[in-house]
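Written out below as structure tokens is the structure these notes cover.
The values are calculated or read from the model by the stated rules, or taken from the named source; none is laboratory data. Bear in mind the structure is a predicted one, so any value in this text is a computation, not a measurement. Cβ coordinates were reconstructed from backbone atoms using ideal geometry, including for glycine residues, and neighbour counts include every protein chain displayed. Just so you know, the surface numbers come from the protein's heavy atoms only, side chains and all, with ligands and any DNA or RNA stripped out. Shrake-Rupley method; radii C 1.70, N 1.55, O 1.52, S 1.80 Å.
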Amino acid sequence: MQFGKNNTPFDKEEFAARLAKTKAPMAEAGLDAIYVSEPANLNYLTGYDGWSFYVHQGVLVAQDAAHPVWIGRGQDVNGARLTTILPEENIVGYSDDHVQSEAKHPLQAVARVISERGLDRARIGVEADSFYFTAKSLDILKAELPNARFVDAGALVNWVRAVKSGAEIELMQQAARIAEKTMARAIEVIGPGVRQCDAAAEILATATRGTEAFGGDYTAIAPLMPTGVGTSCPHLTWRDDLFASPAGTTVEIAGVRYHYHVPLTRTVYLGQPPENMRKAVDVVVEGLEAALGVAKPGAGARDVHAAWTKAIERHGFFKDSRCGYSIGLGYPPDWGERTISLRSIDQTVLEPNMTIHFMPGLWLDDWGIAISESIRITEIGVEAFCDFPRRLFAK
């Protein structure tokens, strides 16, 4: 993949298409502008990339503007120059006395930019339920711009991201190769007497090194590796305790290229797996394959969930949570896109180049298993990004 003048794997034409795709639903919602604060959305619209999301930063997209405006901490301006496709006049930094200060707030600087761009009476969307947009942020915008109208734009940009371009799919295919290597290394290093933290170190190192052809990026979620009774909880990480035998460990990792994630989950068992776990693995694999059999353009997200649910209920299992979600570009704390969910109430119609982490885990009272696949909806059906055996790995 060839790079443009900036540190992004995408060209200006790709960013122009993304901006046009974003302005269309803005117009439908009657928005003159949108203030975007989710780091993945900043990256998607401008290419911006930096570990600066612990302070307030955002991108202002106006309907009548040719380019978005990046607004962030002054010391990050050079980072914006290096990583975005924006012209100089569309990169705006605020002074450091706004940072974690009682005297000033970064959203006051944002309000000034909005006013200077002639939007002080506009109808402006905000990402009200984003991890990175606080209640105080909205209060300050309303106080500083009393003639503007601020409305919740929801996950507008996230939904634009749901259908990937060819260039994005290429990065996810590369991420899949990293995920395969990382999972193979995880299964190799987990063993009786091995410290959990040492296994985690190997997982992180493998994911970062990537392949000989390309390196890996940091994951939006740390490696999840609950073990023993902890497998009944899907989101535990690691300790310095030793892996024990007999016991199972669920490993959820991701390969990442330029923040594009391909997650993968498998279950390892040290010792002789009990019969109930072996049967549960067969049920999960059967359910996974049944669900992927109906995942295609025109099918609903809830149709995929129904196929999974029907398959496992035949064997006496029930899962009341979703069994998958949209993935792609992600920053901490989540690699999910907060849009498509494979569950009974989601009426999303699947389209080609939607990408989803199908996560059919079973978490019971004192144990659990998970075998997942990251998938792409194709023109005629579905394909898994990774080529990795769907089974229980007994050691």
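Report the paramagnetic label zone for Tyr54: residues of the range 80-104 whose backbone N is under 15 Å from a point 7 Å from Cα along the Cα-to-Cβ axis. Answer for the range 80-104: 99-101.
Can you list the lysines whose alpha carbon sits under 21 Å from that of Lys181, skipping same-chain ones fewer than 8 residues off? Leaving aside lysines fewer than 8 places away in the same chain, those within reach of Lys181 are Lys395. Here the chain is scanned for GluC sites (Glu not before Pro) in DSSP loops (not H, G, I, E, B) that have at most 12 other Cβ atoms within 10 Å, and the longest stretch holding none of them is 213-378. In the context of the full set of protein chains, residues of the chain present 42 Å² of accessible surface per residue (probe radius 1.4 Å, heavy atoms only). Amide H to amide H, with H built 1.01 Å from N, Arg149 comes under 5 Å of Ala122, Arg123, Ile124, counting only residues 5 or more places away or on other chains.
How much mean residue ellipticity at 222 nm does the chain get from its helices, if each DSSP H run of length 4 or more adds -39500 (n - 2.57) and you divide by all residues, to the nearest 500 deg cm²/dmol?
When only DSSP H runs of four or more count, the value is -10500 deg cm²/dmol.
Using a probe of 1.4 Å, the accessible surface attributed to Lys279 totals some 120 Å² when neighbouring protein chains are kept in position.
3J(HN,Hα) couplings calculated from phi for the range 349-355 with the Karplus curve 6.51 cos²θ - 1.76 cosθ + 1.60 (θ = phi - 60°) are, in sequence order, 8, 6, 10, x, 6, 6, 10 Hz; Gly and Pro show x.
Note: relative contact order over the chain, using C-alpha pairs below 8 Å and six or more positions apart, is 14 percent. What aspartates and glutamates sit close enough to Lys319 to cross-link, taking a C-alpha to C-alpha distance under 20 Å and skipping anything fewer than 8 places away on the same chain? Reachable aspartates and glutamates: Glu252, Asp282, Glu286, Glu289, Asp303, Asp346, Asp365, Asp366, Glu373.
Shape annotation for the range 184-287: C-alpha extents along the principal axes are 41, 33, 23 Å, from largest to smallest. Counting only Cα atoms, the size of the range 326-376 along its three principal axes is 37, 27, 18 Å, in decreasing order.
In nm, what is the difference between 0.36 nm times the number of residues separating Val285 and Arg123 and their Cα-Cα distance?
Gain on extension, Val285 to Arg123, equals 53.4 nm.
For Lys142, give me every one of the lysines with a C-alpha distance below 30 angstrom, ignoring sequence neighbours fewer than eight places off in its own chain. Here the lysines satisfying the reach criterion relative to Lys142 are Lys21, Lys23, Lys104. Fraction of C-alpha pairs exceeding 34 angstrom in the chain: 34 percent, rounded to a whole number.
For the chain, with all protein chains present and a 1.4 Å probe, just round the carbon and sulfur fraction of the accessible area to a whole percent. Mind dumping the intermediate values first?
Numbers: 8250 of 16550 Å².
On the chain, the fraction of accessible area on carbon and sulfur atoms equals 50 percent.
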